[in-house]
1. How much length is gained on full extension from MET44 to LEU88, taking 0.36 nm per residue of separation minus their Cα-Cα distance?
2. Got the relative contact order for region 21-95 handy, in percent, Cα pairs under 8 Å and 6 or more residues apart?
3. Which entry is the computed Kirkwood radius over Cα pairs in Å for this structure: [x] 16.1; [y] 13.9; [z] 13.5?
4. Taking the Cβ-Cβ separation of ALA32 and LYS54 as r and a Förster radius of 35 Å, what is the calculated FRET efficiency to the nearest 0.05?
5. Compare ILE51, ILE23, ILE62 in a GNM of the chain, Cα atoms joined below 10 Å, and give the one with the largest fluctuation.
Amino acid sequence: MTNYEVLFIIDPTLEDEKKEATIEAVKEIIAADGEVGEVDVWGMRKLAYPIQKKSEGYYVVIEFQGNPSLPKELDRRLRISDNVIRHLIDNKNQK
């Protein structure tokens, strides 16, 4: 299994319950085909530039292990999510 890290920014206008539900949904996607590692919730942060006319976002970083097909599926699911405004998946083994 390969080590990965996903950083995603959740829409700041969502209620806390929906933010938590989004985090749990991402963890479930990872757990279906890999292992969830450390979950680091950074919380509200100012964005470097506006995204969808928003200047803040709710940041979350999750470390995980999985097969090479897992990041592709995770990327696909995060792209179509209305709650996630931006995401980045990084392969930690290539550093």
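What follows is calculated from the coordinates using simple rules that are stated; it is not laboratory data. These numbers come from a predicted model, not from an experiment. Positions of Cβ are generated from backbone atoms using ideal geometry, with glycine treated the same way; all protein chains shown enter the neighbour counts.
1. Values: separation 44, 0.36 × 44 = 15.84 nm, distance 1.72 nm.
Additional length available on full extension: 14.1 nm.
2. On the way: 73 pairs, mean separation 22.5, N = 75.
Relative contact order of region 21-95: 30 percent.
3. Read-out from the structure maps to [z].
4. On the way: r = 30 Å, r/R0 = 0.85.
Rounded to the nearest 0.05, the efficiency is 0.75.
5. Among ILE51, ILE23, ILE62, the largest mean-square fluctuation in the Gaussian network model of the chain belongs to ILE51.
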